[in-house]
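Structure incoming, see below.
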Amino acid sequence: MTAKLIKGTEIRDEILGEIKQEVENIKTKYGVVPGLVTILVGENPASISYVTAKIKAAQSLGFKEIQDNQPEDITEQQLLALIDRYNKDDSIHGILVQLPLPKGIDEKKVLNAIDPDKDVDGFHPVNVGRLMIGGAEVKFPPCTPAGIQELIVRSGFETKGAEVVVVGRSNIVGKPIAIMMLQKAANANATVTVVHTATKDLAYHCKRAEILIVAAGVPGLVKPEWIKPGACVIDVGVNRVGEKISEKTGRKVAILKGDVDFDAAKEIAGAITPVPGGVGPMTITMLMRNTLNSLKFKLGIAGT
Ligand code: GUN
């Protein structure tokens, strides 16, 4: 292995330590803690495990946290009323509605009902607009792209003027990370190319990348010969390709594979994220940071 392994778990722990310290300082000085509510509708097993992890992280940081689980048959009207209640609750600084929502509930309508100043997922059109403008406008960068940016910067890669290639154009990862890396700002200021399913020559673009961010959802899409020697490779793919019995717990667990052929790519890249343990741990961490920042905005101490 020649590439440096970018360990999301280590960078996560570093950032969570910073957040915890800030929460303690704010609690001492202002007597308040960040408040996060997660709203889960129904019993989708993957959603339950994501929400549980988010609540656990919030607890470990000393946040006020509410896990508000609602039945599958909740009406859209009832869900909107619930969101309105949390919008008005001064002790809540972050509202997260776990997706996907059951059929029959208009996801867009629900996300748009969240107060943009409590939208710690960064999915509300107002926050998407703020992200596009950049700079001090940005309140809540979406969590996975924010985590990717931290991985790149904390691994010591220069982003200014770097050739960044993003594979994928989803609203949750591809588009926002492209915009974020493009901004004229520290930790960004890159030359950004976005490639997607209609791109004529994926290999050509990937080979030019000094920083390659892959969020396509196609296992093993990026071949080792597409990687520029020494490049920083961020693999956002989490593809379930089978099941195995965990040696630790004896239970069935998913076999996960990224969008990059890791075993071959690690011999060419300068640094690469593993799957799992790369980008994954960063998403919840950035959710915690957004929730803390929401409180800081309210207290008028953001940016400190
Ligand atoms: N479902 C899968 N990922 C996410 C996420 O980041 N936020 C929300 N709200 N739902 C999700």
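The values are calculated or read from the model by the stated rules, or taken from the named source; none is laboratory data. Model, not experiment: these values are computed from the prediction. Here the Cβ positions follow ideal geometry from the backbone for every residue, glycine too, while neighbour counts run over all protein chains shown. Calculation scope for accessible area: heavy atoms of the full protein, side chains included, ligands and nucleic acids excluded. Shrake-Rupley method; radii C 1.70, N 1.55, O 1.52, S 1.80 Å.
Suppose the filter is open to solvent by 20 Å² or more (accessible area, probe 1.4 Å) and either aromatic (F, W, Y) or not in a helix (DSSP H, G or I) (or both); does E150 pass it?
The answer is no for E150.
Filter segment 230-246 down to residues that are more than 19 Å from G217 (Cβ to Cβ) and at pLDDT 95 or above, then give me how many there are.
3
On the given criteria, is T28 within 30 Å of V233 (Cβ to Cβ), over 22 Å from the mean Cα position of the chain (by Cα) and surrounded by fewer than 13 Cβ atoms within 10 Å (Cβ to Cβ)?
no
Hey, does segment 131-143 have a residue that's of a type in the set (V, I, T), closer than 29 Å to V32 by Cα and open to solvent by less than 30 Å² (accessible area, probe 1.4 Å)?
No, there is no match, as no residue in segment 131-143 is of a type in the set (V, I, T), closer than 29 Å to V32 by Cα and open to solvent by less than 30 Å² (accessible area, probe 1.4 Å).
Let me confirm something: among I133, I95, which residue is under 27 Å from K296 (Cβ atoms), more than 15 Å from the chain's Cα centre (by Cα) and within 13 Å of the ligand (Cβ to nearest atom)?
Residue meeting the stated conditions: I95.
Which pairs have Cβ atoms under 6 Å, sit 6 or more apart or on different chains, and link a residue in segment 130-148 that is of a type in the set (F, W, Y) to one that is assigned to a helix (DSSP H, G or I)?
F140/N127; F140/N290
For segment 31-62, what are the residues that are open to solvent by less than 10 Å² (accessible area, probe 1.4 Å), part of a helix (DSSP H, G or I) and within 11 Å of the ligand (Cβ to nearest atom)?
S47, V51, listed by residue number.
Another question about this same structure. Take the conditions at pLDDT 95 or above and open to solvent by 10 Å² or more (accessible area, probe 1.4 Å) and apply them to L182. Does it pass?
For L182, the condition - at pLDDT 95 or above and open to solvent by 10 Å² or more (accessible area, probe 1.4 Å) - is met.
Being away from the ligand (no atom under 16 Å from the Cβ), modelled with pLDDT under 95 and on the phi > 0 side of the Ramachandran plot, is that true of even one residue in segment 269-284?
No - not one qualifying residue is present in segment 269-284.
Okay, moving on. So which of G220, G237 is open to solvent by less than 20 Å² (accessible area, probe 1.4 Å) and within 16 Å of the ligand (Cβ to nearest atom)?
Going through G220, G237 in turn, just one is open to solvent by less than 20 Å² (accessible area, probe 1.4 Å) and within 16 Å of the ligand (Cβ to nearest atom): G237.
Going through segment 99-120 one residue at a time, which ones are within 10 Å of the ligand (Cβ to nearest atom), assigned to a loop (DSSP other than H, G, I, E, B) and surrounded by fewer than 21 Cβ atoms within 10 Å (Cβ to Cβ)?
Those that are within 10 Å of the ligand (Cβ to nearest atom), assigned to a loop (DSSP other than H, G, I, E, B) and surrounded by fewer than 21 Cβ atoms within 10 Å (Cβ to Cβ): L99, P100.
Here is a list: I66, I74. Which entry is within 28 Å of P45 (Cβ to Cβ), hydrophobic (A, V, I, L, M, F, W, C), open to solvent by less than 20 Å² (accessible area, probe 1.4 Å) and not in a helix (DSSP H, G or I)?
Selected residue: I74, the only one of I66, I74 that is within 28 Å of P45 (Cβ to Cβ), hydrophobic (A, V, I, L, M, F, W, C), open to solvent by less than 20 Å² (accessible area, probe 1.4 Å) and not in a helix (DSSP H, G or I).
What are the pairs, 6+ residues apart or on separate chains, where a residue within segment 87-103 that is on the phi < 0 side of the Ramachandran plot and among the polar types (S, T, N, Q) has its Cβ under 7 Å from a residue that is open to solvent by 30 Å² or more (accessible area, probe 1.4 Å) and part of a loop (DSSP other than H, G, I, E, B)?
N87/D115
Go through (1) in a strand (DSSP E or B); (2) out of contact with any helix residue (DSSP H, G or I) (no Cβ under 6 Å at 6 or more places or on another chain) one by one and return the number of the condition I234 breaks.
(2)
Just checking, which of D90, D84 is closer than 17 Å to P34 by Cα and at pLDDT 95 or above?
Result: D90 is the single residue among D90, D84 that is closer than 17 Å to P34 by Cα and at pLDDT 95 or above.
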